[in-house]
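Okay, structure first, notes after.
The values are calculated or read from the model by the stated rules, or taken from the named source; none is laboratory data. Treat the numbers as computed from the prediction; the structure is a model and nothing was measured. Cβ coordinates were reconstructed from backbone atoms using ideal geometry, including for glycine residues, and neighbour counts include every protein chain displayed.
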């Protein structure tokens with residue numbers, strides 16, 4: 001029965017995607033994938049974490065229907081691998097989920113059904129696969145259904161008319177091969193598998209840091225002194241930088257794009273260097289036995305101070321970026337700066353917790369990769385092209401209209417609505433009307449698989 005379900009899913013897969021662009025089909029595929037996974041992994045879907053990741057995967061799939069941005073599609077794919085990997089081992093770290101999900105998607109069927117003979121170095125089936133039975137359960141029901149359709153056509157003119165209206169011309173060799181690809185995909189993922197030894201090693205590795213055998217007081221004393229001197233000097237340096245940075249923000253009255261751009265970008269570069277160096281240094285200083293040295297209170301306080309000062313630097317960059325946005329509008333780069341600041345602040349907070357709670361480097365990696373995934377999914381929910389356009393028209397002191405026109409079609413209807421409300425040049429009006437015309441043609445020619453939200457509101 002489960003094999004029949006996989007065949008049906010494969011046919012649906014080909015119907016959804018063969019010769020089609022992305023739209024409603026990806027949303028329906030996300031639902032179909034969840035159905036296949038639930039049927040074959042019922043116990044795993046009783047786990048709270050599985051339900052959360054399923055909801056995130058479904059949310060990204062639905063979001064594609066409303067705005068098929070590249071970010072949304074990428075988030076859907078990553079969520080797909082995350083969920084598949086989670087079903088293979090729900091206790092594994094999220095980056096191991098990605099590895100397991102990718103491997104399952106590519107080679108799940110062969111991993112479950114074939115093995116390598118070490119003696120002969122040949123691939124052999126783990127168990128006998130009854131291909132004849134597989135053919136029977138597909139061909140025989142299909143043949144019988146076709147016979148009965150013919151009989152019913154002769155017995156009912158209305159049924160005959162209905163059948164004749166069904167167009168199966170889209171079914172060709174390429175379509176069938178695409179369906180074969182769909183079957184291979186679902187045959188891979190319906191029972192997710194683990195990659196070893198990566199999964200077992202991840203499960204064995206905890207988050208806590210432990211004292212090693214080479215615990216030497218004299219050596220730790222030297223390391224403690226080095227940490228105090230180094231981090232103290234870096235604290236002084238960043239304080240000086242912050243004073244000058246805050247002074248610039250409060251006293252600069254010259255509002256030019258070049259000024260703000262230079263300051264934001266240089267600030268980001270300083271932030272990148274500061275955070276990367278901060279984390280590396282702190283990880284080095286608190287890499288091992290110094291965490292258990294009784295006289296480490298001073299270096300810990302200095303480390304916490306440095307993290308707080310770096311957090312203030314994050315806020316300083318956020319203020320300058322907000323000023324930049326206020327005067328010159330939203331762009332993807334300026335939004336990217338804000339996203340980076342959020343992830344940076346997360347990295348700083350988790351580093352502080354790592355030191356305070358005596359965690360290891362794997363704690364940082366696990367928590368920050370999970371944070372990055374969550375931020376990506378949340379970002380994928382937003383139609384950025386629409387909101388960038390809306391903000392720039394309504395709130396920005398000045399804006400680059402050509403930048404808005406060059407964005408994806410997700411803002412086309414909004415641009416059209418602003419033609420009568422805003423004073424634009426003749427060239428800008430021409431470009432917007434041209435973009436709108438081509439977008440409407442695209443919507444009108446969309447098949448049901450390619451439908452988007454704009455098809456229903458236009």
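Structural remarks
- Given (1) in contact with a helix residue (DSSP H, G or I) (Cβ under 7 Å, 6 or more places away or on another chain); (2) under 29 Å from residue 196 (Cβ atoms); (3) surrounded by fewer than 16 Cβ atoms within 10 Å (Cβ to Cβ), index of the condition residue 74 fails: (1)
- Among the residues examined, residue 60 qualifies as under 30 Å from residue 457 (Cα atoms) and either modelled with pLDDT of 95 or more or part of a helix (DSSP H, G or I) (or both).
- In segment 1-45, residue modelled with the lowest pLDDT [restricted to those that are in a loop (DSSP other than H, G, I, E, B) and out of contact with any helix residue (DSSP H, G or I) (no Cβ under 7 Å at 6 or more places or on another chain)]: 1
Let's see how each residue does on (1) within 30 Å of residue 279 (Cα to Cα); (2) outside any helix (DSSP H, G or I):
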{"site": "354", "(1), (2)": "yes, no"}
{"site": "369", "(1), (2)": "yes, no"}
{"site": "396", "(1), (2)": "no, yes"}
{"site": "399", "(1), (2)": "no, yes"}
{"site": "404", "(1), (2)": "no, no"}
{"site": "431", "(1), (2)": "no, no"}
{"site": "439", "(1), (2)": "no, no"}
{"site": "443", "(1), (2)": "no, no"}
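- Condition met for residue 135 (more than 30 Å from residue 373 (Cα to Cα), modelled with pLDDT under 80 and in the same structural domain as residue 76 (by TED's automatic domain parsing)): yes
- For segment 406-429, residues that are farther than 19 Å from residue 71 by Cα and either assigned to a helix (DSSP H, G or I) or in the same structural domain as residue 324 (by TED's automatic domain parsing) (or both) total 9.
- Members of segment 63-100 found to be more than 18 Å from residue 189 (Cα to Cα) and not in a helix (DSSP H, G or I), listed by number: 67, 68, 69, 91, 93
- Residue 178 being loosely packed, with under 10 Cβ neighbours inside 10 Å and either at pLDDT 85 or above or under 29 Å from residue 19 (Cβ atoms) (or both): no
- Positions within segment 295-345 being crowded, with 18+ Cβ neighbours inside 10 Å and outside any helix (DSSP H, G or I), in sequence order: 296, 329, 330, 331
- Single match in 242, 230, 250, 237 (criterion: outside the structural domain of residue 94 (by TED's automatic domain parsing), modelled with pLDDT of 85 or more and loosely packed, with under 14 Cβ neighbours inside 10 Å): 237
- Selection status of residue 159, modelled with pLDDT of 80 or more, under 40 Å from the mean Cα position of the chain (by Cα) and surrounded by 11 or more Cβ atoms within 10 Å (Cβ to Cβ): no
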